[in-house]
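Asker: Shown below is the structure under consideration.
The values are calculated or read from the model by the stated rules, or taken from the named source; none is laboratory data. Please read these numbers as outputs of a predicted model, since none were measured by experiment. Reconstructed Cβ throughout: ideal geometry from the backbone, glycine too, with neighbour counts over all protein chains shown. We work out accessible area using only protein heavy atoms, side chains counted, and drop any ligands, DNA or RNA first. Shrake-Rupley method; radii C 1.70, N 1.55, O 1.52, S 1.80 Å.
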Amino acid sequence: MITPAFDLRQDPDHLTICIRAPYTRTSEFDLFIDGTDFKFYAKPYFLRLSLPGRVLEDGREKATFDIDKGVFTLKVPKETPGEHFEGLQMLTSLLAPKGSRSAKPLVEDVSGEGSEISGDGEEEEEEFDWQLEQEVYTDRSEEEQRTLQKYGFGNQRSGVFSRLQEELSDVIDVKNPDGTSASERRQARLEAEALAFSSDHYLADLFEDDEINRLLKFTPWWSKLSPSTEQEEESDVSFSDEEKEQLRKFTNRSYLLDKTSRYQAWLSLVDILLAYSYEVRSTEGEHSVESPWTVRKLSGTLCWLETYSCLLDVLVSFGRRVLCYPLYRHFALVTSAISDTVKIFQSGKACILKCLLEIHKVFRENDPAYILNDLYITDYCIWIQRVKSKKVMELATVLQNASLQKKDLELELDELESAARMVVEEEQQASSDSSSSASSDSSSSDSSSGSEESETEGQGCFEFKQGGGGREACKDNPSQPSSFTSPIPHTSSSVLFPSENRKADAPRSASQGCQQLIQELEEQMTEELRISADSSSEAETRYSLMSEAAADAEEPSGRSSSSGGTLLEPNPCTNPLLIVQTHQDRDFIS
């Protein structure tokens, strides 16, 4: 027979059951309703449910069948109007247990088909069998004790990894889990974490925290859920069709755990959900190929088969592993994951179940991480559906009030951060001093460069004589190169024509005439110098002739500034070219 897909919902007075049974005949439906027992049959489908509340078959029930979708919908009245049926989303727990099953590592509830499911069956008091066979106590040998090492959900598994040696290193970090006690596993875990801790990696994430801050701002899907209560509706949490199908595939069973095993099961559940919360935040809700590794590596339960004795041990183990193994190692991510886990527990069993189903899917699609599903996750998915909501709320309160500090991790984080901050401050101070020194050196270098430039420019200055008295002047010309390509020095008109009687409003034609005269003299002298460049004697003769011509052009009383011309005598460092300003030119300019 095939178990069909089904879903349940309720209103204050009715319970609605939707069953997907395509390719069936409407005339072949069989229904049976009796209190909490519900049965449906339509060949080849068969469904049997143990409802969390009582319903009636009094003629008010209604049934419809959508032929196109193949969905059968039944609406039945509640025996007590207004009663809230808790756990309608826990599909696995609604499937009535079968009459017989075999699961050697587990103790299962094989009660009758019509028995009601209590909230947390393993906590109910049971009648003690006084006729239990007694045996004389004998000390076991060390070899026998090693063969009895337990792990897995409720510490009820053993001998699993003895058959999976090849996959052992890819799943857990324990070398010999079947021969290692819980205390030995814990000591080995602490030593491995101490070796794996990298102060450089931690400080890098501490001071370069842009990526960390972005992850801290991420909002996971459970943050939008409203806090649950003991009588929660749990309508905020919805399951996908794939998740519902997986719930139907789980084998329904009860777990009879003693008080210690039950307490350890709760603590291990917190440990697993902490790792899951970190993985969701670090990937911003998008699972990757590294997700199976991250979840199992950050959980001491999954990676070291750890069993915890108190909640603080769980938080310390998780905090140490976050700072030792993943890509992002920041204490703020530890506290953020704890807050996320508190929110998951406050949202109720449905939220916890949805998280476990996601972990189950991540491990199911990774080889050989699926072994962890068999050891822990599958049993948690079944077990959490049957626990009381009151226990979940109590654990959420305890976890919310728990406090984890850096010193609890025993990784000397405070000392490491203090030393790093001192180094940073010293580097900043040294950098500031270096900048000040560089600034002063730059100032002195600028002043030195200015002096050198002044001296260099001073070498290009020239002397000129005007009238009867000689006067020396120096003209700055930054754009003028040190070696001249033109035979005429590029000096301003104020130096060439230092006449005191020059007017500011001289006609533009006079200035143009002067410039034209200078240009003609320059071209003439350049041509003559090029022709006679090879003969120094001829150059000297020409220089003398030019001097005499200049002297003849002057009047006898040419020494006076009023009637005489101006002879510009070039500096020896410039081209030996004399420019003669005739009496006619001066009168023309003025």
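Asker: Which strands (runs of 3 or more DSSP E) does segment 1-85 wholly contain that include 2 or more residues that are open to solvent by 20 Å² or more (accessible area, probe 1.4 Å) and closer than 26 Å to T251 by Cβ? Walk me through it before giving the result.
Answerer: Details: elements: 5-10, 14-20, 30-42, 45-55, 62-66, 71-77.
Passing ranges, in order: 5-10, 14-20, 30-42, 45-55.
Asker: Right, something else. Consider segment 1-31. How many of its residues are aromatic (F, W, Y) and either under 13 Å from H84 (Cα atoms) or at pLDDT 85 or above (or both)?
Answerer: At the first step, the residues of segment 1-31 found to be aromatic (F, W, Y) are 6, 23, 29.
Now drop any that are not either under 13 Å from H84 (Cα atoms) or at pLDDT 85 or above (or both), which leaves 6.
Here the count works out to 1.
Asker: What pairs come up if the first residue lies in segment 279-291 and is loosely packed, with under 15 Cβ neighbours inside 10 Å, the second is assigned to a helix (DSSP H, G or I) and not aliphatic (A, V, I, L, M), and their beta carbons are under 7 Å apart, counting only those six or more places apart or on different chains?
Answerer: Every condition considered, the pairs that remain are G285/W221.
Asker: Determine which single condition K98 fails, assuming it passes every other condition in (1) charged (D, E, K, R); (2) closer than 24 Å to F239 by Cβ; (3) at pLDDT 80 or above.
Answerer: That leaves (3) as the condition not met.
Asker: From the residues in segment 235-281 that are polar (S, T, N, Q) and under 15 Å from F318 (Cα atoms), which one is farthest from the chain's Cα centre (by Cα)? Walk me through how you get there before you give the answer.
Answerer: So the first thing to find is which residues in segment 235-281 are polar (S, T, N, Q), and the list is 235, 238, 240, 246, 251-252, 254, 260-261, 264, 268, 277.
Next, only the ones that are under 15 Å from F318 (Cα atoms) stay: 268, 277.
On the way: S268: 27, S277: 15 Å.
In this case the residue turns out to be S268.
Asker: Looking only at helices (runs of 4 or more DSSP H) that fall completely inside segment 294-398, which ones have 3 or more residues that are open to solvent by 10 Å² or more (accessible area, probe 1.4 Å)?
Answerer: Numbers: elements: 300-304, 311-322, 331-346, 349-364, 378-383.
The qualifying helices (runs of 4 or more DSSP H) are 311-322, 331-346, 349-364.
Asker: Collect the residues in segment 36-52 that are more than 22 Å from Q10 (Cα to Cα) and under 48 Å from the mean Cα position of the chain (by Cα), keeping them in residue-number order.
Answerer: Hits for segment 36-52: nothing passes.
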